[in-house]
Amino acid sequence: MYAEFSENLVTGNEMIDSHHKELIDRINKLLDSCDQSNEKTAAIKMMDYLADYTDFHFSAEEKLQQEIAYPGYEQHKAQHETFKNTIKDLEEMLVEEEGPSNAFVEKVHENVIKWFYTHIEGFDRSVAEYKFMKDNNERL
C-alpha cells in the first residue's frame, strides 16, 4: 500500500499542500525502493531523501506558525520532533538489518503513513484554517 494525497488531506494552504504532496512522493519512493531492490543502500538513500525533505517541510511549517502567532505552535512542534525521532529509528533499523525487511515496511506504513495522515487532518489543517481566518478576519 502506497501513500496517496487525497481530498481529505487538502488543508487549503498552497505551501503546506504542495509540501505534503512532495512528502508523499518521497514516502512512495522509499516504499518503491523496498519493493524493487530489497537493497539496503537504496533504501537508506531513500530514507535520507525523505528525512531531508521532512526537515525542510517542518522548518517551513514552523516558521509559518511563528509568523501568524499560531497558538498551538509548541504542541505542533512537539509532534514534529516525535516524527523526526521516528525517522531516526527507522534509519537505525535499516542500518542494523540486511535490507528493508517486511517489518521495516510495516513500520513505515504504521509510523510514517498513518501518522502523516492523522497529523495533516488534525494539526496541519488547524494551522491552515487559523492562517485563513487571520488573513480574512476583516471579511468574516
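The values are calculated or read from the model by the stated rules, or taken from the named source; none is laboratory data. Note that this is a predicted model, so its numbers are computed, not measured. Here Cβ is always computed from backbone atoms with ideal geometry, including for glycine, and neighbour counts include all displayed protein chains.
Scan region 22-36 and tell me whether some residue there is surrounded by 13 or more Cβ atoms within 10 Å (Cβ to Cβ), within 13 Å of the chain's Cα centre (by Cα) and within 22 Å of K131 (Cα to Cα). Looking through region 22-36, at least one residue is surrounded by 13 or more Cβ atoms within 10 Å (Cβ to Cβ), within 13 Å of the chain's Cα centre (by Cα) and within 22 Å of K131 (Cα to Cα).
Note on region 76-101: among residues that are touching a residue at least 24 places away in the same chain (Cβ under 8 Å) and more than 16 Å from the chain's Cα centre (by Cα), the one that is surrounded by the most Cβ atoms within 10 Å (Cβ to Cβ) is P100.
Scanning region 55-73 turns up one or more residues that are over 25 Å from K134 (Cβ atoms) and assigned to a helix (DSSP H, G or I). If only residues of region 5-42 that are of a type in the set (S, T, N, Q) and either at pLDDT below 90 or part of a helix (DSSP H, G or I) (or both) are counted, the one that is nearest to G122 (Cα to Cα) is N8.
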